[in-house]
Structures are given as C-alpha cells and as structure tokens.
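Engineer: The following block contains the structure, expressed as structure tokens.
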Amino acid sequence: MFSTRSIIGLVAAAVPALLPSAPAEAPSIPAGSCPAASDPAALLDPVELDVRDLTSFEWEVGDPIPEDLLRYDGRRVIIRGFMYQGVEDVVDQFPLVAESCQCNERLLPHHFIDVTLKRGDTGPIPGEFEVLGKLSVGEVEDEDGFVVSLFRLKGEIY
Amino acid sequence: MVRSKGGRSARAIGAALVLALIASCSDSEPVAPAAPDVRDAPASNATAESPVAESPDAAAPVADASADAADPIAEERALAERMVSIACEGTLAKRPQAAQRLSAMGEAAVLAVRQVVGTTTHDLARLGPDLLRPMAELDAPDLRERLWEAVTDADYPYRPAATKWLAETARDDEWARFEPLLADPLSSVRAAALSSIATRDDRSLVPMLEAALEDRSDVVRRAAADLLVQWDRAYALRWLFEDLSRTDRFFDLETGESARYESARVLRRLLDDRALFGYQPGVDPNDPANHAALTALGAAIEARVGADERRPPAFARSTDVVVDGVLGLEIRSCRRGEYFVAIADDDRLVVGTGRPTEYALEPGASARIADLVAARFDATEGPTMWGELGCDIECYRVRVPGGPNLVLRVMKGPEEVDDLRPDLLDELVRALVAEVPTDVRPSGLGGSDDDTLRALLSTALESVGGDLR
C-alpha cells in the first residue's frame, strides 16, 4: 500500500522529468493555468520539518529573522506540531505550535505557524500531526504595528 | 464534548472596557471608569477565545480607540484600555505585544489593568497569562501583590508565568518569598523562580543554582545551567551538552528529541549558532553528520571548561531508554504538575522520563492490567478524546492485543470541569493506581517527602479528569 507521503514524493520526483529540460526560453503559460509551472517550489520535494526547527530561536519585535529560516520561504514543507489549545470549533485557520501546553511561556509571533487550510476545515485535533503546504516566512504587521505572524502555511492536514 | 464558557466572560470584560471607554471619551475630565464586576461572569479563560478570530472589540484598530478623545489624558487612557483588551482577547501573536506596550505606558496602564483584574485569583485566571507581565513591570505595588497572591494559590493555573514575571522583576525585599518557589511542586515554577537569583546578581547565590543542577526535572536543570553559564560557570555547559544526544522515548512520545531541541536553543543563545558545528536537534544524534557535530562541540566545550571536573549526575546523563509496556499514563496538570507512569510487561512500575525510576510491583500486576485492557478496549472503535484542547491532559497509551497501541486523551483548559473522565478510563486508571505500592515516595516529583506516589497521582488526576470514582 502506498502512503500519501510516498505518492507525493513520487509525483514530486516525476514532475521535473516530465517537463522540458532547461528551455532556452520559458514557454508562455497563462498565470494560474498550471500551478506547478507557475510555482517552481511546487516541483520540489517537500522539506520535512518540526515546528521547533522554525521556532527555536530568540526573537523580539524588531529583530531580523535568521537567514537559515528565510531559506524556507516559498518552499513546500511538511511540518509536525500541535494545534493551539485555544481552537474550539471547526476552523480553516489555526496556529500550529511546538507543545501541547502553552501555559508556561508567552507565545510571540515566532512561536507558531499560522496554518490556513486550502480545502475544507477541521475540528480540534489532539496530539501531534502534520500539515503539508507552501510556507511563507517574513514579518506581517497589522495596521497598529503588531507583528501578527512570521510563518504562514497554506495547505492541508497531512 | 465539554464546551468552554470562556467566550462569554471574555466578551463581558471587553464590553465593560468599551463602556468605560465611552464614558472616558465623553467626559473631558479624567474620571476613573467603574470597574466591571467580573465576579458575575462565568468562570472561564480568556485565552480560550479563538486565536485567529479575535473579539470585535480587540480587533478594532487601535487608532479607533482614541479618535474621539477630548484630551491627551483621556486619549492615553483609551489606548491603555484597548491594549488591555488586546492582551486578554486579541489574536495569539498580539497578546504579548499589547502586554509589552502596557508595561511602557505608566499610570494610564495601571488604571486600565486595575479595571479588569477583579479581586480574586479566580478573576485573574479569566484574563489569561499575558496581562501578568505589565502587572509585574508597572510601578503598582497593589498589582504586584495580586501576582504574589496568584503564585501562592495552588489552584491558579498560570503560576509558572506569574512566577516568571515576578522573578524577572524581583525586588530586594522579596527574596524570602521566592525561596519556597525554588522547591515548588511544579517544575515550571521552580525553573521560573531561578530567574530571581539571576536578577540579584549576587555570586554568593551560585550554590543555589548548583543545587538546581541536581533537580530531577530536566527543565529546571536547563534553566540552572543557562544562568550558571551566564555567570561564567562554564562547567554547566556539560549539562546542556548531555541532552543533545538523548534519544529516550515514553511510548510514542519523543522525550529525548524535545530535550535536544530545548538544550540546542539555549546553547545557540549562549555560544552562538556557529558554535554548534551544524548540529541538528531534529536529526538522530547517531546520524554521521550530527555525530561529527556533537564530537566537535563536545571537544570545544571541554576546552572551554578546562580542569573543572564537575559533571552531571547519573540521572541527568544522556540516555536512550524507551519506556514501553501494557499501559502508559501521562498526566499534565497546570495546577498539580506532570507525571509519567508506565506499567511495564514484567511487573515493573516505571516513573518519569529520560532516565526513569523503576519499582517492583506485586506479581501478576502487568497481567491484571493487560487482562482489563483486553476485556474493555477495542482498538478500532470508540472516541479517542474527551473534553476540549487544553494543557490539562490525561493521556493513556494502551496496548490492545492484536491491534495498534491506543492513545486516548482527556483534555481541558484551565477552567475546572467535573467528571470529565469517562467510566472506561476511570476504571483503568483506578486499576493502575491500585497497583502502585503504597510506600513509594519518589523524590523530585513534587509534593512533600511524605507524599506517596499514589497520593500525588490521585491529586493530579482529580485536577484534570475529576475525582476517581
């Protein structure tokens, strides 16, 4: 039996082989007509990460994001973590955090991944699980100057 | 599923703040608004609000709060009230930032915080943990005293956070109040209280930090090692280094990996990133590249430590122990601490993680638990969670004959919930507690030396799933 992960790995490996190799001129493809072609990151094997790979650094508002984390911007990733305990209802967006308990430490923007599900929604999930999707890395501020996230992922529960 | 009542009370607080804001904005004189009677609101937790869809009050732009202000004082007060609202009800990322802004606001913030803190620790619990920071950092002795009341109330769910902010802003005349916290039953409180030693900057207190290196909790040992290294006691790096090669597990729970991440985070700050030689905490320490990084890091640490021979005790050394058996019980209670207990296959009771302690059980104990599991549990049917997501957890890892291990959870937030544990798990956990020898008094697991493991487990279980029936 094939697992979802192995199928995605096979597809990711096969897609580059099906594309023209090193075209001298990029073919003209209307934006959005072919997600894989318009998004090179989608062609790569997803990087497997633990939430703590992204969140285990010291950061305060105004600090830069480490270079070794910025390299994940735009990459497809599989991230393992816990759903934030404040999630009570069916949602299509939730914070993914490193520990099931967050009572001991304040949660700053670099302590969670802001996950948005591209399709469907989910109820509360106990225990550790994985999400697959495209990661965006960088500060997002709201109109009041609050940094609302450093890491965002659009994808699906794996 | 038990539903949280947090939304109603948090909204009640927000509504009270809006009313106070309207009152202050319509009056050119700086009149202190009436305090909302949060005691009438149902018990709950403000942090239970959706972290992604904040309350309308907290979501409004900050500028809106002061647009109609008649004078700078009223404007500042309105802004402070908005920050309080965001610190309690805002989205996840904004709460600590709003709290930090409050700390820098002075008297207007003091007034705004006083409006919402109520009169009891129960009132305070409803506001979540983020407002604790300005309560400690603002120049307001009454708010600080409220924090001390909360820290000494065993039923207050955010004692670690309250301890942390008190410790990081410790006053000279508070030392005697911190000392008992260094021996608190909760490891997270003990670790947080260590910061009070650091703020005193008194090197004669080094022995107290060194004593914490002998704590049974790796959380406390790491906090102590961190502070000692900052005080130029390089030998404490050895404690952090030991964790980097841990591969221990408690059933499916990667306890060693968690320790690796935490110690690597501390070491990166103490030594800087490049000094870890490319070590990756998420990669097996026996992976060739990671092993090479560990070898290089170990040599660098030994060179820095020099001739000092102090080394971690046996229970703090790196380990690859895998705890497994017929039943594993993980209890995490914000009020009563964390316990990891397993009934192994061969009539052994295993307590703790990392390098756990083992006790002999009565002959046949493992078989009795296995028989109960076989008779009552089905690996393919039934719910696997009761309650709602939260950090008070009873997690049962049950080995069902002929099937995969079942992982069953009873979970809740900080509010108290009666009788959350289903009968099936209640019967199982009573059977487990009954097998625990009556004379086992484990050191370093919280409580006093007189507390038996049975008593500690029962108290922790009651604080999560309710009374054992």
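The values are calculated or read from the model by the stated rules, or taken from the named source; none is laboratory data. None of the values given here were measured: they were computed from a predicted structure. Ideal geometry is used to build each Cβ from the backbone, glycine not excepted, and the neighbour counts take in all protein chains shown.
Engineer: Enumerate the strands (runs of 3 or more DSSP E) found wholly within region B:338-409, keeping only those where 2 or more residues are among the β-branched types (V, I, T) and either under 24 Å from B:T452 (Cα atoms) or under 28 Å from the mean Cα position of the chain (by Cα) (or both).
Structural biologist: Fully inside region B:338-409 and qualifying: B:348-351, B:392-398.
Engineer: Would it be correct to say that B:A183 is free of Cβ contacts under 8 Å to residues at least 12 places away in the same chain and either under 18 Å from the mean Cα position of the chain (by Cα) or assigned by TED's automatic domain parsing to the domain that holds B:A87 (or both)?
Structural biologist: In short, yes.
Engineer: If you don't mind, there's one more thing I want to ask. Looking at region B:102-109, is at least one residue surrounded by fewer than 24 Cβ atoms within 10 Å (Cβ to Cβ), more than 13 Å from chain A (Cβ to nearest Cβ) and assigned to a helix (DSSP H, G or I)?
Structural biologist: yes
Engineer: Given the criterion hydrophobic (A, V, I, L, M, F, W, C) and either over 23 Å from B:P414 (Cβ atoms) or in contact (Cβ under 8 Å) with a residue 60 or more places away in the chain (or both), identify the matching residue among B:A150, B:A176, B:A162, B:A192.
Structural biologist: B:A176
Engineer: Within region B:368-397, how many residues are closer than 18 Å to B:A434 by Cβ and without any contact (Cβ under 8 Å) to a residue 12 or more places away in the chain?
Structural biologist: Residues flagged as closer than 18 Å to B:A434 by Cβ and without any contact (Cβ under 8 Å) to a residue 12 or more places away in the chain within region B:368-397 amount to 2.
Engineer: What residue, among those in region B:280-300 that are buried (at least 19 other Cβ atoms within 10 Å of the Cβ) and under 16 Å from B:R238 (Cα atoms), is nearest to the other protein chains (Cβ to nearest Cβ)?
Structural biologist: In this case the residue turns out to be B:A293.
Engineer: If you don't mind, another one. Considering only region B:413-420, I want to know if a residue exists there that is without any contact (Cβ under 8 Å) to a residue 60 or more places away in the chain and over 25 Å from the mean Cα position of the chain (by Cα).
Structural biologist: Among the residues of region B:413-420, not one is without any contact (Cβ under 8 Å) to a residue 60 or more places away in the chain and over 25 Å from the mean Cα position of the chain (by Cα), which makes the answer no.
Engineer: Filter region B:70-101 down to residues that are of a type in the set (D, E, K, R) and either outside any helix (DSSP H, G or I) or at the interface with chain A (Cβ under 8 Å from one of its Cβ atoms) (or both), then give me how many there are.
Structural biologist: Of the residues in that region, 3 qualify.
Engineer: Count, please, the residues in region B:376-397 that happen to be within 14 Å of chain A (Cβ to nearest Cβ) and either in contact with a Phe, Trp or Tyr (Cβ under 8 Å, 6 or more places away or on another chain) or not hydroxyl-bearing (S, T, Y) (or both).
Structural biologist: The qualifying residues number 13.
Engineer: Any residue at all in region B:437-451 that's among the basic types (K, R) and closer than 30 Å to B:T121 by Cβ?
Structural biologist: Yes.
Engineer: Within region A:73-95, work out how many residues are aliphatic (A, V, I, L, M) and either crowded, with 23+ Cβ neighbours inside 10 Å or at pLDDT 95 or above (or both).
Structural biologist: Here the count works out to 4.
Engineer: Please go through region B:147-176 and give me each residue that is more than 13 Å from chain A (Cβ to nearest Cβ), of a type outside the set (A, V, I, L, M) and surrounded by fewer than 19 Cβ atoms within 10 Å (Cβ to Cβ), ordered by number.
Structural biologist: Passing the criteria: B:W148, B:E149, B:T152, B:D153, B:D155, B:R171, B:D172, B:D173, B:E174, B:W175.
Engineer: Going through B:E338, B:E362, B:E309, B:E358 one at a time, which residue ends up being of a type in the set (D, E) and outside the structural domain of B:D426 (by TED's automatic domain parsing)?
Structural biologist: None of the others qualify; the one that does is B:E309.
Engineer: Next up: Test each condition in (1) within 14 Å of another protein chain (Cβ to nearest Cβ); (2) part of a helix (DSSP H, G or I); (3) closer than 25 Å to B:D451 by Cβ for B:E179 and report the one that comes out false.
Structural biologist: Result: B:E179 fails condition (1) only.
Engineer: Quick one: which residue in B:L209, B:L270, B:L240 is surrounded by fewer than 20 Cβ atoms within 10 Å (Cβ to Cβ) and part of a helix (DSSP H, G or I)?
Structural biologist: Answer to the selection: B:L270.
Engineer: Moving to a separate point now. Going through region A:107-125 one residue at a time, which ones are at the interface with chain B (Cβ under 7 Å from one of its Cβ atoms) and either surrounded by fewer than 19 Cβ atoms within 10 Å (Cβ to Cβ) or touching a residue at least 40 places away in the same chain (Cβ under 8 Å) (or both)?
Structural biologist: A:L108, A:P109, A:F112, A:P124
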